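So the structure is just underneath, and the comments pick up after that.
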Amino acid sequence: HVSADPINDVEHEVKEWAAQKKDEINELRKQEKFRRDFLSNISHEFKTPLFAIQGYIDAIQDDDLEDKDMARQFLQKAARNVDRLSYLIKDLDEISKLESGEIPINYSKFKINDLLREVIEASEMKAKQHHIKLIFKQKYDDSILVYADRQKISQVLINLIDNSLKYGKEGGNTAVSLFDLHEQVLVEITDDGIGIEEKFLPRLFERFFRTDTSRSRQIGGSGLGLAIVKHIIEAHQQTINVRSTEGLGSTFGFTLQKAKQNLPFPSLPTLKS
Ligand code: ADP
């Protein structure tokens, strides 16, 4: 093939090459910014409880503090902040392992109703502490099987139910519902708590994103719960979404792939006598 205009061809190729390199550089810059933001978020998240612990220890060590009750209160507050640091480390460890693919999705077939009941039962104590009633809206029989990583879906449910209790309303309800969508099931966790402003909804699943920093931080959690949830559901190639009205409550829903029902055993060949 002989080109009519070889110089123009070369120029075109060089331009294409340069555009591709520019895209690559932009992508690397984006990743670098993401890493930098992530690190600065982590150090910020660690600083808050650490400073608090330091403050309480200083106050206890203060010679003027003779009030034993107050010292006990400070110790309790320091211990709560130690817990916060532990959650943070546990969640950071989990999200980095999930993202690196170090913990693969371990698929199995299981009854979704069994798992929902198990997690609800395990959360009942916590719900009582928050004075919230946990309701399982069971519409189907127990035969629905899903194909997913049971342990990871249990983690998703725990994180979503925990949030519904943390941001729920005292005396209110959290409902867990299951919907049969033919090829998939939809699991929804609905609370009648503080709700979320519409403008925050698109950013809710980002790491460390909080709608109301001071309140959410006070309530606890690592700020990574929803990021972990999203990661697990997307690793299953399923979807997660949220609907919410500020002041009225929120619903978090995710889908799971249904597994085929157990087929009857194939008939055995008849033995010839
Ligand atoms: P956190 O540890 O702060 O709870 P999450 O990643 O679990 O972190 O949630 C991120 C933020 O989303 C929370 O800080 C809170 O502002 C908001 N949020 C999550 N679940 C709910 C809910 N059920 N109702 C109202 N706000 C919620």
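Annotation note: Cβ proximity below 7 Å between a residue of segment 47-61 that is within 16 Å of Ala71 (Cβ to Cβ) and a residue that is outside any helix (DSSP H, G or I) and of a type in the set (A, V, I, L, M, F, W, C) (sequence gap 6+ or interchain) occurs for Ala59/Leu65.
Here segment 175-210 is the region considered, the condition is being out of contact with any helix residue (DSSP H, G or I) (no Cβ under 7 Å at 6 or more places or on another chain) and acidic (Asp, Glu), and the residue that is nearest to Asp91 (Cα to Cα) is Glu188. Return yes when Ser108 is modelled with pLDDT of 95 or more and of a type in the set (S, T, N, Q) and no when it is not. So Ser108 passes the test.
The residues of segment 163-211 that are polar (S, T, N, Q), assigned to a strand (DSSP E or B) and within 12 Å of the ligand (Cβ to nearest atom), listed by number, are Thr174, Thr190. The residues of segment 247-273 that are farther than 22 Å from Asn113 by Cβ and at pLDDT 55 or above, listed by number, are Gly247, Leu248, Gly249, Ser250. Just one of the listed residues (Asp83, Asp91, Asp64, Asp58) is acidic (Asp, Glu) and surrounded by fewer than 11 Cβ atoms within 10 Å (Cβ to Cβ), namely Asp64. Of all residues in segment 5-15, none are of a type outside the set (Lys, Arg) and within 35 Å of the chain's Cα centre (by Cα). All conditions but one from (1) surrounded by fewer than 17 Cβ atoms within 10 Å (Cβ to Cβ); (2) more than 19 Å from the chain's Cα centre (by Cα) apply to Asn173; the one that does not is (1).
Restricting attention to segment 66-115, the residues that are in a helix (DSSP H, G or I), polar (S, T, N, Q) and under 29 Å from Phe179 (Cβ atoms) total 1.
For residues that are surrounded by 10 or more Cβ atoms within 10 Å (Cβ to Cβ) and either in contact with a Ser or Thr (Cβ under 7 Å, 6 or more places away or on another chain) or of a type in the set (D, E, K, R) (or both), tally how many sit in segment 1-22. Residues meeting the conditions: 7. Scan segment 126-153 for residues that are crowded, with 16+ Cβ neighbours inside 10 Å and within 23 Å of Ile105 (Cβ to Cβ) and jot them down. If the condition is that a residue be crowded, with 16+ Cβ neighbours inside 10 Å and within 23 Å of Ile105 (Cβ to Cβ), then Ile144, Leu145, Val146, Ala148, Asp149, Arg150, Lys152, Ile153 are the ones that fit.
Residue pairs whose Cβ atoms lie under 9 Å apart, separated by 6 or more positions or on different chains, with the first residue in segment 72-100 and under 21 Å from His44 (Cα atoms) and the second exposed (fewer than 12 other Cβ atoms within 10 Å of the Cβ) and at pLDDT below 90, are Ser96/Glu102.
The values are calculated or read from the model by the stated rules, or taken from the named source; none is laboratory data. As the structure is a prediction and not an experimental result, all values here were calculated from the model. All Cβ positions, glycine included, derive from the backbone under ideal geometry; neighbour counts span all protein chains shown.
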